[in-house]
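Each remark here refers to the structure printed beneath this line.
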Amino acid sequence: MPVGAPPHRWGSLGPVGLVFAGGISVQFGGALAVSLMPRAGALGVVTLRLLVAAAVLLVVCRPRLRGHSRTDWGTVVVFGITMAAMNGLFYQSVARIPLGPAVTLEVLGPLALSVLASRRAVNLIWAGLALAGVFLLGGGGFSSLDPTGVAFALAAGAMWAAYIVFSARTGRRFPQADGLALAMAVAAVLFLPLGVVESGGKLLDPVTIALGAAVAILSSVLPYTLELLALRRLPASTFAILMSLEPAIAATAGFLILDQALSTTEALAIALVIAASMGAVRTQIGRGKAKAPGVAPEA
């Protein structure tokens, strides 16, 4: 199980590889979640996802409850609230608008964070390039979407930006994925009443539970753990730009798995987003090399 493995095992992928792996997992999990909504409802799916993810992480990580400061606990609680809000808002969005446009709108949150958090002018260029790709990927069709679904997606994007910030803070304050496990438990407890009110006994159906568990592993346990590890080695601004790959991964998965052809505009949008992400990574690597001569090598 990845969350119980030593950091160096996953770390061998490199921070960029961790982000890519997490993004691929999220897209498969998102597609499965959409297919599960007719059985359990949007809030029910989120509840199952958070409950199963919290149970798995708590069992595997067995986080210590003692020895943490009030600030540590405050960070975990806010991280949990952020995860609950991000998931709830996004699934409300995909219940009203297609998955592709929803992800495209949601990624505007991390892109905005990259602009606000960046201290280098060149990162503004990469963020702008990624933003252009995101709008192109929308295909200019946002005006025909359900306005409530659009609002939910944009709100989920704001929570995604907050998730990035508090995931990084949690990763610095807790060993391994302990903080993630505790935050996931907070999110699950907060969301449980909402899921029960909407779905009730549907949450106890064995098939629904099995599918919800698969969604939890693909959409929460794997990607959140990989992202937390990546955020220990990447600045929030670079990580945020890498998140712009989510719509591109979704479109590529649709082409390869669902036989959904890409238009010229969509292909150009994906190229812009990938170019922006590559530029951000190259900038970060160049910055690291520039600092290397003055940094003592680690043992």
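The values are calculated or read from the model by the stated rules, or taken from the named source; none is laboratory data. Computed from a predicted model, the values in this text were never measured in an experiment. All Cβ positions, glycine included, derive from the backbone under ideal geometry; neighbour counts span all protein chains shown. These area figures cover heavy atoms from the full protein model, side chains too; ligands, DNA and RNA do not enter into them. Shrake-Rupley method; radii C 1.70, N 1.55, O 1.52, S 1.80 Å.
Remarks
- Residues that are modelled with pLDDT under 70 and open to solvent by less than 20 Å² (accessible area, probe 1.4 Å) within segment 244-274 comprise S244, G254, listed in sequence order.
- Residues in segment 160-190 that are touching a residue at least 12 places away in the same chain (Cβ under 8 Å) and not in a helix (DSSP H, G or I): F174, Q176, A177.
- Within segment 69-97, the only residue that satisfies the criterion of being open to solvent by less than 40 Å² (accessible area, probe 1.4 Å) and in a loop (DSSP other than H, G, I, E, B) is I97.
- So A177, is it closer than 16 Å to L228 by Cα, open to solvent by less than 70 Å² (accessible area, probe 1.4 Å) and modelled with pLDDT under 85: yes
- Any hit, segment 194-202, residues being within 21 Å of G22 (Cα to Cα), in contact with a Ser or Thr (Cβ under 8 Å, 6 or more places away or on another chain) and open to solvent by less than 10 Å² (accessible area, probe 1.4 Å): no
- Scanning segment 127-145 for residues that are modelled with pLDDT of 70 or more and either part of a helix (DSSP H, G or I) or open to solvent by less than 20 Å² (accessible area, probe 1.4 Å) (or both) returns A127, G128, L129, A130, L131, A132, G133, V134, F135, L136.
- Screening segment 98-126 for residues that are over 22 Å from P223 (Cβ atoms) and surrounded by 19 or more Cβ atoms within 10 Å (Cβ to Cβ) and picking the one that is modelled with the highest pLDDT gives W126.
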